[in-house]
Amino acid sequence: MPSDIPAISSASALSVSRRRRVLVWLVPLLWTLGLGLWGLSRQESVWRDEAATWQVAGRSTDEIWAMLANVDAVHGLYYLLMHGLFEVFGASTTTLRLPSVLAVSAAAACVGLIGSRLAGFWAGGGGGTALGLLPSVQFYLQEGRPYALVAAGAALSTLLLVSLLESGPGRRTWPRWAAYGITVLVCALLNWLSLLALPAHAATLGWVRAGRSVWLRWAAYGSAAVAGALPLILFSRGQSDQVSWIPPLTWPMLIGPGILLAVGGLGAWADRPDRPDRPDRPDRRALSVAAVGLPLLAVPQLGLIGLSLVQPLFQDRYVLFSMVGLALLIGAALAAAVRLCARRFPRASALVVPGVVGASVLALLPVELGKRAPASRVDDVLAVAGEVAGLKRDGDAVLFVPAARRDTALVSPSAFGGLADVALAASPVASATLKGEEAEPARIRESLLGQQRVLLVTDAAKVAKAPSAERDKAKEAVLREHFRMVADRQVRGRRVTVYERRA
């Protein structure tokens, strides 16, 4: 009978190991999915960036292709994907945002797998769970834009690279290298700044002193991905006016990246191989969470800062995928805390990660609630459409200042039924643009002088900027000189003002 005990213990240990291999990615996936579904509609609000996705996804494929020749080519693949989803599931805030929720959930699962392979169960589970709690990730977790999808692709390509570095000689690796190259390419087609993940991966290869054959394969498949994205990069550079609004880099803008790098550095320190509680990692150059996570966090952030010195491009969403590296490093720090606790309080060590996650949820509750409120975005195009529907009368005219505020009518056309868009010369679809083409200032003035009642849709006073376009100046001049204000509504960052012609 006693001879059966080792066999039973071995079977039990194997069962626990298998269960952990599943839980380490499943728990982060379900946890992040729950965070994403919580308050997904944001009280049925849609802001201006998401409105661009909404109105383009509602066009036909031919109309989208025609528009991409003039504007937003960098988001072409994403628009085509969302067009297909809108065709199948219909236009709604759920269809708009659910792809981002699923993408970040998949990224969390990848973080769990990477962390567990490199530093154990608690590093994987803690890092995967932490990803969805990061404030910047929570913002784009429920955003109808491509940045969450890019983060998922970066996480997957990093997982593939780690598996390839762990593969022994003689293993059949070309399918995974091909998957790596394809994933990098798809990410680049969603946002070509995601190619900053390649130098991050190169830093990892240098850190662990990868062999010559690994370097050659990485260079070959990485170069193929860059070559595949190069036509898009060159073409979209001709549409650089789209990012002309981004301000030049300033020192205060570097505070956020500095804090992130400091936190990442602490995680890398916790994962250092010469710690006395890590006898399993005597080699300082061994593949580790620090070797993977720190470059993935630091290189994209520093790379974007460097690019912004040439042309202002610094927006955190462009390198959202670097948060995968931060989550890995947080997982390593949590694993170190578990090991430290196990040395003094073995029975309590299993509560460290759940306790830290629970405390983080409570501490970040104001952030979590804020990100799920309409006020977390600068405006709401749907709310102002409801105000227009309540204020309009048949035969009224409507103006948009600036012209980009026409997105309200494009997302909610029924609210603008019966209104004459007197400044519009060619619709967004006809002109293959996002906001349409407006008439010359003199023509707009002439059209306005023939109206008795005009609704002006613009930004709320607290976010409005003085008009810079001559057309917008002409609109406001005519209203000021020949009309009087009779109603004014401001809601969630947008404003509707009703004007009537003076006697």
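Determine if the stretch 472-481 includes at least one residue that is open to solvent by 40 Å² or more (accessible area, probe 1.4 Å), outside any helix (DSSP H, G or I) and free of Cβ contacts under 8 Å to residues at least 40 places away in the same chain.
Scanning the stretch 472-481 turns up no residue that is open to solvent by 40 Å² or more (accessible area, probe 1.4 Å), outside any helix (DSSP H, G or I) and free of Cβ contacts under 8 Å to residues at least 40 places away in the same chain.
Cβ-Cβ distances below 9 Å connect the following pairs, each with a first residue in the stretch 208-230 that is over 22 Å from residue 290 (Cα atoms) and without any contact (Cβ under 8 Å) to a residue 60 or more places away in the chain, a second residue that is open to solvent by 40 Å² or more (accessible area, probe 1.4 Å) and outside any helix (DSSP H, G or I), and a separation of six or more residues or different chains: 213/169. Counting the residues of the stretch 412-438 that are assigned to a loop (DSSP other than H, G, I, E, B) and either among the acidic types (Asp, Glu) or free of Cβ contacts under 8 Å to residues at least 24 places away in the same chain (or both) gives 2. What is the number of the single condition among (1) open to solvent by 70 Å² or more (accessible area, probe 1.4 Å); (2) assigned to a loop (DSSP other than H, G, I, E, B); (3) at pLDDT 85 or above that residue 312 does not meet? All conditions pass for residue 312, except number (1). I'd like to check something: does the stretch 491-503 contain any residue that is exposed (fewer than 15 other Cβ atoms within 10 Å of the Cβ), within 35 Å of the chain's Cα centre (by Cα) and not β-branched (Val, Ile, Thr)? Within the stretch 491-503 (the criterion being exposed (fewer than 15 other Cβ atoms within 10 Å of the Cβ), within 35 Å of the chain's Cα centre (by Cα) and not β-branched (Val, Ile, Thr)), the answer is no, since none of the residues qualifies. Restricting 347, 339 to those that are among the basic types (Lys, Arg), at pLDDT below 90 and in a helix (DSSP H, G or I) reduces the list to 347.
I'd like the residue in the stretch 482-503 that is touching a residue at least 24 places away in the same chain (Cβ under 8 Å) and charged (D, E, K, R) and, out of all such residues, is nearest to residue 373 (Cα to Cα). Among those that are touching a residue at least 24 places away in the same chain (Cβ under 8 Å) and charged (D, E, K, R), it is 492. Working only within the stretch 306-318, note down all residues that are over 15 Å from the mean Cα position of the chain (by Cα) and under 18 Å from residue 147 (Cβ atoms). Passing the criteria: 307, 308, 313. If you check 217, 145, 176 for being under 30 Å from residue 236 (Cβ atoms), of a type in the set (Lys, Arg) and in contact with a Phe, Trp or Tyr (Cβ under 6 Å, 6 or more places away or on another chain), only one passes: 217. Note on the stretch 382-411: residues that are closer than 21 Å to residue 468 by Cβ, in contact (Cβ under 8 Å) with a residue 60 or more places away in the chain and under 30 Å from the mean Cα position of the chain (by Cα) amount to 7.
Output the residues belonging to the stretch 61-119 that are among the hydroxyl-bearing types (Ser, Thr, Tyr) and either under 17 Å from the mean Cα position of the chain (by Cα) or surrounded by fewer than 22 Cβ atoms within 10 Å (Cβ to Cβ) (or both). The answer is 61, 78, 79, 92, 93, 94, 95, 100, 105.
Tallying residues that are assigned to a loop (DSSP other than H, G, I, E, B) and surrounded by 13 or more Cβ atoms within 10 Å (Cβ to Cβ) within the stretch 450-462 yields 2.
Checking 358, 331, 370 one by one, the residue that is closer than 30 Å to residue 459 by Cα and assigned to a helix (DSSP H, G or I) is 370 and no other. Which one of these is surrounded by fewer than 16 Cβ atoms within 10 Å (Cβ to Cβ) and at pLDDT 90 or above: 282, 276, 231? On inspection, the qualifying residue turns out to be 231.
The values are calculated or read from the model by the stated rules, or taken from the named source; none is laboratory data. Since the structure is predicted, the reported quantities are computational estimates derived from the model, not experimental observations. Using ideal geometry, Cβ is built from the backbone for each residue, glycine included, and neighbour counts are taken over all protein chains shown. Side chains included, ligands, DNA and RNA excluded: accessible areas come from the protein's heavy atoms. Shrake-Rupley method; radii C 1.70, N 1.55, O 1.52, S 1.80 Å.
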